[in-house]
Amino acid sequence: MIKEFGTTLADIIYPKNCHICSKILKGGISAFDENICMECVKDMKKAVPMVSPELPGAPYNKLAACYNYKGPVRELIHKFKYENRPYLASTIARLMAEAINPALFEIIDCLLPVPLHQVRIREREFNQSERIARELSFSFKRPVSLTLKKIRNTPSQTTFKENERFSNLKNAFVVTEERGIFNKNVLIIDDVVTTKATVTEASHVLKNAGAKTVYILAFAKG
């Protein structure tokens, strides 16, 4: 009772605000969690279910993006990645868990976050895909593998035209421990997919290293 009173008092004195729209989170039906409100969640547009590649010969088997990269989804990702709010990974993972069929996690052996080069990690202080993967790992009881590494500090994909993004990532990824993924069903975790260049190159490296099946799950589709 004392603890509940203290929590209530703290919420009154220091109310929490939605990281997307800045409205005060009052709990109950108005809050999705301690970071965002239900109104912003309702404005998030669902994207594609898990589907096979559009082009034949793609190295991954199926891909799913949970939401469209617009409005509150875009704002949430921006706050998460560029305003140093790594704790928003828990909110993003929960939104993904509610959008995707949980049966996916029953057929995979491990989660593989899209890696960042060490230089980029030092700049941002964390890998957003790894943070999301660890939250999903906790919820669905599947291990996170960091065997996929990025060895070239490539320029941002946003600086290239669509047809140039694949060549920008050529030979950028390696698998450091093949036995960890050999003959395994793996799930690549990413925050946003646009041209699919990053996840396609990563999938190619994983398949060459012996992965049996490569699935891709992203929070948003650009």
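Stokes-Einstein diffusion for the chain at 25 °C, viscosity 0.890 mPa s, with a Kirkwood radius from C-alpha pairs, works out to 133 µm²/s.
Between the helical axis of 2-13 and the longest alpha-carbon principal axis of the chain there is an angle of about 90 degrees. Listed values for region 199-215 are Karplus-derived 3J(HN,Hα) couplings in whole Hz (6.51 cos²θ - 1.76 cosθ + 1.60, θ = phi - 60°), namely 5, 5, 5, 5, 5, 4, 5, 5, 5, 5, 8, x, 4, 6, 9, 10, 9, and x replaces Gly and Pro.
Counting only heavy atoms of the protein chains and using a 1.4 Å probe, LYS62 has close to 80 Å² of accessible surface.
Please work out the average accessible area per residue across the chain, using the 1.4 Å probe convention, and give it in Å². Each residue of the chain exposes 55 Å² on average to a 1.4 Å probe. Taking the chain as a Gaussian network, where each spring joins two C-alpha atoms under 10 Å apart, which residue of LEU148, LEU55, LEU25 fluctuates the most? Maximum among the listed residues: LEU55. Considering all different alpha carbon pairs of region 37-108, the Kirkwood hydrodynamic radius works out to 13.8 Å. At 1.4 Å probe size, with the rest of the protein present, what percent of the exposed accessible area of region 82-222 is carbon and sulfur atoms? Summing carbon and sulfur atoms, their accessible area is 47 percent of the total for region 82-222. With Cα atoms defining each centre, region 88-143 and region 161-218 are spaced 15 Å apart in the structure. Pairs exceeding 24 Å between alpha-carbon atoms, taken from LYS62/LYS141; LYS45/LYS212; LYS81/LYS207: LYS45/LYS212; LYS81/LYS207. Across all directions, the average flat footprint of the convex hull enclosing the Cα atoms of region 89-195 is 7.4 nm².
Give me the extension gain from MET50 to ASN208: residue separation times 0.36 nm, minus the current Cα-Cα distance, reported in nm with one decimal.
Separation in residues times 0.36 nm, less the Cα-Cα distance, equals 54.6 nm.
The values are calculated or read from the model by the stated rules, or taken from the named source; none is laboratory data. All figures in this text were calculated on a predicted structure; none of them were measured in a lab. The accessibility values were calculated without ligands, DNA or RNA, using every heavy atom of the protein model including side chains. Shrake-Rupley method; radii C 1.70, N 1.55, O 1.52, S 1.80 Å.
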